[in-house]
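To keep things clear, I will list the structure first and then write my remarks on it.
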Amino acid sequence: MITRDPAEFVAAIEQGKLSIDAPAFARASFLVEPSGFHISEQTAQDNQYMDTAAAVSAQKALDQHRQLSEAISHAGLPTLRFTGRAKTPDDVFPNNVFATVPGRFIVGAMLHAERQQEAERDDIRNFFTQVLNYEKVELDRNDVVAELTGALVIDRGRRIGYCGMTQRVDDAGCRAMHEAFNLSTTFQFDLKPEEYHTNVVMAVLSSRALVICPDAFVDPRVPEAIAALYPDRVIRISQEQKTAFAGNIISLSDKDVFMSAVAAEAMGEDNLTKLRDWGFVVHAIELDEIEKAGGSLRCMVAEIF
């Protein structure tokens, strides 16, 4: 089912149709390290979170990236690192370009030319197709725009996709991702014009909790319909908290939640306490240098299912 109707989505919840039937979190992850880190003027065209005037330190970005991969590994999740390429600075955010479901490797259809170059990387493609023997599903950018788990936030356990429509995904791309990710349900909705990716405005944590910025949605019924699936496990964040990437977070086990230090500070102690009370361990990593490029921790982590 692909629906734009909040009432239809809530009805599916009430009828018990959205049950957990798949793994809720990844079995491994991979990252792409920054190389000659700089701000892409190309992707800044539709990403309000980027600071094109900011001076950046390539070494600091690399150091922070390594701290992230070490933290994920120390939490017990196998973590791979691919080298970055200076000509494609946004490849530090691989989850927009590459994604998986069990046994399947998905390549996105990127809007901007620089990001289209990332999708052509033979090393990442060969790792999944030749080493892991995953089936490859490549979304044809001549027919669709679909920036994978940037545009599509997935409740993995329930196989529900939350697809926020922006320049980074079109209707055909939403349908293509619904099929590629083998989703049971996709809830499609409009984000406000200033947004570029759904994973900046909301996160589903291990299929049992939700972080969401209601003000980022055109129709206020949409975030409330989504929240109905996670009773008593919803954190609603403000525009200011969202701008500090408090929605761009990820659960990498049933208990481990990762976010940037900036996001953790913005989220506030009350909300962090809620996460801990719900059984999560919060890992906050310094990523302020990389965040100048318009994305944060969740964008940096590609999941292997």
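The values are calculated or read from the model by the stated rules, or taken from the named source; none is laboratory data. On a predicted model such as this, the values are computed, not experimentally measured, just so you know. In this analysis, Cβ positions are derived from the backbone assuming ideal geometry, glycine residues included, and neighbour counts consider all displayed protein chains.
Under the condition of being outside any helix (DSSP H, G or I) and among the small types (Gly, Ala, Ser), which residue from region 59-82 is nearest to Glu286 (Cα to Cα)?
Out of the qualifying residues, it is Ala75.
Kindly indicate whether Tyr230 is assigned to a loop (DSSP other than H, G, I, E, B), at pLDDT below 95 and either closer than 19 Å to Thr149 by Cβ or of a type in the set (Phe, Trp, Tyr) (or both).
no
Of the residues that make up region 185-204, is at least one buried (at least 24 other Cβ atoms within 10 Å of the Cβ), out of contact with any helix residue (DSSP H, G or I) (no Cβ under 7 Å at 6 or more places or on another chain) and over 13 Å from Tyr162 (Cα atoms)?
Taking every residue of region 185-204 in turn, none turns out to be buried (at least 24 other Cβ atoms within 10 Å of the Cβ), out of contact with any helix residue (DSSP H, G or I) (no Cβ under 7 Å at 6 or more places or on another chain) and over 13 Å from Tyr162 (Cα atoms).
How about region 104-182: which strands (runs of 3 or more DSSP E) wholly inside it have at least 1 residues that are within 30 Å of Val234 (Cβ to Cβ) and without any contact (Cβ under 8 Å) to a residue 40 or more places away in the chain?
Strands (runs of 3 or more DSSP E) meeting the threshold: 160-165.
Report, by residue number, each residue of region 269-295 that is hydroxyl-bearing (Ser, Thr, Tyr) and within 20 Å of Ala119 (Cα to Cα).
None; the set is empty.
Any residue in region 62-80 that's within 19 Å of Ser253 (Cβ to Cβ): show its pairings with residues that are of a type outside the set (D, E, K, R) and assigned to a helix (DSSP H, G or I) at Cβ separation under 8 Å, as long as the two are six or more apart or on different chains.
Leu68/Leu297; Leu68/Met300; Thr79/Ser69; Thr79/Ile72; Thr79/Ser73; Leu80/Phe127
Name the residue, out of Phe217, Phe245, that is touching a Gly at 6+ places or on another chain (Cβ under 9 Å) and under 20 Å from Ala71 (Cβ atoms). If you could, list the steps in order and put the result at the bottom.
Numbers: Phe217 fails: under 20 Å from Ala71 (Cβ atoms).
Of the residues listed, the single one that is touching a Gly at 6+ places or on another chain (Cβ under 9 Å) and under 20 Å from Ala71 (Cβ atoms) is Phe245.
Go through Gly157, Gly161 for me and flag whichever is touching a His at 6+ places or on another chain (Cβ under 9 Å) and within 24 Å of Pro23 (Cβ to Cβ). Talk me through it step by step, then tell me what you get.
Working: Gly157 fails: touching a His at 6+ places or on another chain (Cβ under 9 Å).
So the residue among Gly157, Gly161 that is touching a His at 6+ places or on another chain (Cβ under 9 Å) and within 24 Å of Pro23 (Cβ to Cβ) is Gly161.
For residues that are modelled with pLDDT of 95 or more and either in contact with a Phe, Trp or Tyr (Cβ under 8 Å, 6 or more places away or on another chain) or over 13 Å from Ile304 (Cβ atoms) (or both), scanning just region 77-92, find the one that is surrounded by the most Cβ atoms within 10 Å (Cβ to Cβ).
Thr79
To keep it simple, each residue is scored yes or no on (1) among the aliphatic types (A, V, I, L, M); (2) in a loop (DSSP other than H, G, I, E, B); (3) touching a residue at least 12 places away in the same chain (Cβ under 8 Å).
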{"residue": "Gln188", "(1), (2), (3)": "no, no, yes"}
{"residue": "Val262", "(1), (2), (3)": "yes, no, yes"}
{"residue": "Val282", "(1), (2), (3)": "yes, no, yes"}
{"residue": "Ala293", "(1), (2), (3)": "yes, yes, yes"}
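Which of the residues spanning region 62-114 are hydroxyl-bearing (Ser, Thr, Tyr), more than 10 Å from Leu31 (Cα to Cα) and touching a strand residue (DSSP E or B) at 6+ places or on another chain (Cβ under 6 Å)? Please lay out each step first, then the result.
Applying the first criterion (hydroxyl-bearing (Ser, Thr, Tyr)) to region 62-114 yields 69, 73, 79, 83, 88, 100.
Adding the requirement that they be more than 10 Å from Leu31 (Cα to Cα) leaves 73, 88, 100.
Residues satisfying the conditions are Ser73, Thr100.
Can you tell me which of Ala53, Ala26, Ala7, Ala11 is modelled with pLDDT of 95 or more and either in a loop (DSSP other than H, G, I, E, B) or among the hydroxyl-bearing types (Ser, Thr, Tyr) (or both)?
Ala26
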